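Worksheet: one structure, shown below.
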Amino acid sequence: MCRHLGYLGSPRAPAELIFGAPHSLLRQSYAPADMRGGGTVNADGFGLGWYDETGEPVRYRRPTPMWADETLPPLAASVKSGAFIAAARNGTPGMPVSEGACAPFVDGHWLFSHNGVVLGWPESVVALAGKLPVTELLTLEAPTDSALLWALLRDRLRAGEDPLAAVTDLVAAVERAAPGSRLNLLLTDGEVMIATAWTHSLSVLAVDGSVVIASEPYDSEPGWVPVPERHAVRVEHGQYEFFEIQQSLEIQYGNEDRSATAS
């Protein structure tokens, strides 16, 4: 069911988290600790997306195991960015193994990753997909649940929806259409980061004004906090806040369960 992580803070090399940490994303790709069902090895591709010195997103993806790629380690070490998303994919049976199926997906300044599966795919989400323009469906990067989720989310973002509301309302809508789906979404534009914990593991770490969101902690430092089930986390300006995802498709902005400031 994939592993991903997102970073927002002072510029650093993605290689520190992807390769250098004790339980790095590389290790999680072949020895995950908390998959919660749906496979044990994430070998169906990977991706890294970051922001260059002009603030534009840059992406590197391959449909091969992360450990088999010789380009990623030096590339991830040569880059320093204040925001990035990295992901290792475990493809759902029946879905293609291709570069286009690998996160992160990109649109404008947005980077997106999905960790999980939409149950009953594709029949369960036909009605949701039908709300998109036909051209959006015909130009999906891959015929996968993650690519469709991205198309649905970017449609909301292009319409001007608040990112937190767009992400959480989409999770609630997909849950109504396909109950029991695993919907850990991760989104950033380099300034704000939104993630959800929906029937899958997710943790957050705030240190020295920087915040990491990850499927699993990459070390044993005591600062890691699990994101509560059926909650979203919003990161901005070195702070993070948790929000309960309302299945009524309404966000209770005044009812945060927890907030924290990076220190």
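Every number in this text was worked out from the coordinates using simple rules, so none of it is lab data. Because the structure is a prediction, the values reported are computed rather than measured. Please note: Cβ atoms are built from the backbone with ideal geometry, for glycine as well, and neighbour counts cover all protein chains shown.
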Using a 10 Å cut-off on Cβ atoms, rank the peptides 27-35, 228-236 from the highest mean neighbour count down.
228-236, 27-35
Consider the candidate values (i) 0.92; (ii) 1.03; (iii) 0.97; state which one is Cα Rg over 2.2 N^0.38 Å computed from the structure displayed.
(i)
Could you line up His4, His200 from fewest to most neighbouring Cβ atoms inside 10 Å?
His200, His4
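Below 8 Å between Cα atoms, with a sequence gap of 6+, how large is the relative contact order for the stretch 8-155 in percent?
Values: 236 pairs, mean separation 34.5, N = 148.
Computed value for the stretch 8-155: 23 percent relative contact order.
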Size of the stretch 84-186 as Cα extents on the principal axes (Å, biggest first):
34, 31, 26
The relative contact order of the stretch 3-261, taking Cα pairs under 8 Å that sit 6 or more residues apart, comes to a percentage of 20 percent
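What's the ranking of 112-120, 133-141, 151-159 by average number of surrounding C-beta atoms within 10 Å, highest first?
Working: 112-120: 24.4, 133-141: 11.8, 151-159: 17.4.
Order by mean packing, descending: 112-120, 151-159, 133-141.
Compute the relative contact order of the stretch 99-227 as a whole-number percentage, counting only Cα pairs closer than 8 Å that sit 6 or more residues apart in sequence. Write out the running numbers ahead of the final one.
Numbers: 180 pairs, mean separation 31.6, N = 129.
24 percent.
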How big is the charge dipole of the chain about its Cα centre, in debye rounded to the nearest 20, if each Lys and Arg gets +1 on its Cβ and each Asp and Glu gets -1 on its Cβ?
500 debye
List the residues, sorted by chain then number, that are 5 or more residues from Phe46 or on another chain and whose placed amide H is less than 5 Å from its amide H.
Arg62, Thr64, Arg89
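Find how much the distance from Val225 to Ala77 grows on full extension, using 0.36 nm per residue of separation minus their present alpha carbon separation; answer in nm with one decimal. Don't skip to the end; give the middle numbers.
Numbers: separation 148, 0.36 × 148 = 53.28 nm, distance 2.68 nm.
Gain in length upon complete extension: 50.6 nm.
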Positive-end residue of Ala31, Ala147, Ser181, charge dipole of the stretch 3-261 with Cβ unit charges:
Ala31
Dipole of the stretch 3-261 (Lys/Arg Cβ +1, Asp/Glu Cβ -1, origin at the Cα centre): which of Thr168, Leu75, Thr64 lies farthest to the positive side?
Thr64
